[in-house]
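The values are calculated or read from the model by the stated rules, or taken from the named source; none is laboratory data. What you see is a predicted model; the values in this text were computed from it and never measured. Positions of Cβ are backbone-derived with ideal geometry, glycine not excepted, and every protein chain shown enters the neighbour counts. Ligands, DNA and RNA are excluded from the accessible area calculation, which covers all protein heavy atoms including side chains. Shrake-Rupley method; radii C 1.70, N 1.55, O 1.52, S 1.80 Å.
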Amino acid sequence: MLKQTPKAVIVALDFSNKQETLAFLDKFPEGKLFVKVGMELFYSEGPAIIKEIKSRGHHIFLDLKLHDIPHTVEKAMSVLANLEVDMVNVHAAGTIDMMVAALKGLTCQAANQSKKRPIIIAVTQLTSTDEVRMQKDLLISSTLEETVKIYAQNAKTAGLDGVVCSPHEAQMIHENCGKDFLTVTPGIRFLDNEKDDQVRITTPEKAKLLGSDFIVVGRPITMAKDPVLAYERCQQEFLKG
Ligand code: C5P
């Protein structure tokens, strides 16, 4: 199943409510997008927003980054499987046992309903965490790169489909975890964009060259003067080069 997963641009719907979200999606009456719904939108609108977006035919990455004891995460994943989203995630820091439990909850519930299991990926280290913070605050003495590598290997050991990472880490992760292990990469900007609060940015074209399987793009599309044009440019650069 996953080998056939095409590369895709995922549009981050970082809006605070349904009105803004649907106003944005209305600009794409024909196109079926792959969108990311994060905590802000999900917590403000609840599962109804997922049903609404799905009813328009879009694919959904539900970015809730679960991290709790294995039993709780397994049960929570069963509930998320009912939403029939296309991709979900957890924190690799929750341990291999927690990731195994997450996969179990998702797989069992999807099988019960004869539905396709959503892709499940792990966050290795947040891109907002730099090496100094990781070592000082989290007491992880390894380098950031080594930590990302081991967390990705843990996700693979647990049976997960891939990780969220920087495009600059995609090649190293594919070398360690295999080319079919997915890399989902935010931090994307066109050459003429502002960096905003992202630190290590990459163009869609460069992300493709670096081996990203999915790029997550927010403001360069959502805040563009013409979001449809920006989305098409992104697709053109990432998918066709
Ligand atoms: O607007 P921008 O393109 O920076 O949005 C990137 C999206 O990817 C946001 O939803 C952000 O929360 C998410 N993300 C990220 N870095 C990570 C994980 C998620 O930027 N490490």
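State the percentage of accessible surface on segment 1-154 attributable to carbon and sulfur atoms; use a 1.4 Å probe and exclude ligands, DNA and RNA. Walk me through the numbers before you get to the answer.
On the way: 4060 of 7700 Å².
Answer for segment 1-154: carbon and sulfur cover 53 percent of the accessible area.
Largest first, how would T124, T95 line up by accessible area (1.4 Å probe)?
Numbers: T124 5, T95 70 Å².
Sorted by accessible area, descending: T95, T124.
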Checklist entry - Give or take rounding to whole Å, what are the principal axis extents of the alpha carbon atoms in the chain, in descending order? => result 44, 41, 34
Next on the checklist: With a cap of 10 neighbouring Cβ atoms within 10 Å, and only residues DSSP puts in a loop, list the trypsin sites (Lys or Arg not before Pro) found in segment 4-68.
Outcome noted: K32
Checklist entry - What does segment 1-55 give for Rg and for Dmax, in Å, if only its C-alpha atoms count? => result 12.2, 36
Next on the checklist: Let me check something: with ligands and nucleic acids excluded, how do M87, M39, M172, M223 order by accessible area (1.4 Å probe), largest to smallest?
Outcome noted: M223, M39, M172, M87
Next on the checklist: If the elastic network links every pair of Cα atoms under 10 Å, which of P29, P70, P227 fluctuates the most in the Gaussian network model of the chain?
Outcome noted: P29
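Would you calculate a helix-derived [θ] at 222 nm for the chain, using -39,500 (n - 2.57) for each DSSP H run of n ≥ 4 and dividing by the full residue count, to the nearest 500?
Numbers: 11 runs with 105 residues, N = 241.
After summing the helix terms and dividing by the residues of the chain, the value is -12500 deg cm²/dmol.
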Next on the checklist: Just to be sure I understand the curve: with the Debye formula and one point per C-alpha of segment 127-174, what is log10 I(q)/I(0) at q = 0.20 Å⁻¹?
Outcome noted: -0.69
Next on the checklist: With a 1.4 Å probe and all protein chains kept in place, how much accessible area does T107 have, in Å² rounded to the nearest 10?
Outcome noted: 60 Å²
Checklist outcome for this item: With all protein chains present and a 1.4 Å probe, the order of R200, R189, R117 from largest accessible area down is R200, R117, R189
Next on the checklist: As a test question: what accessible area, to the nearest 10 Å², does M134 have when a 1.4 Å probe is rolled over all protein chains in place?
Outcome noted: 0 Å²
Checklist entry - Mind checking Rg over Rh on segment 35-96, alpha carbons, Kirkwood formula for Rh? => result 0.98
Checklist entry - Looking at segment 1-95, which GluC sites (Glu not before Pro) are in a loop (DSSP not H, G, I, E or B) and have at most 10 other Cβ atoms within 10 Å? => result E30
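Per residue, how much accessible area does the chain show when a 1.4 Å probe rolls over the protein heavy atoms, in square angstrom?
On the way: 11860 Å² over 241 residues.
Value for the chain: 49 Å² per residue.
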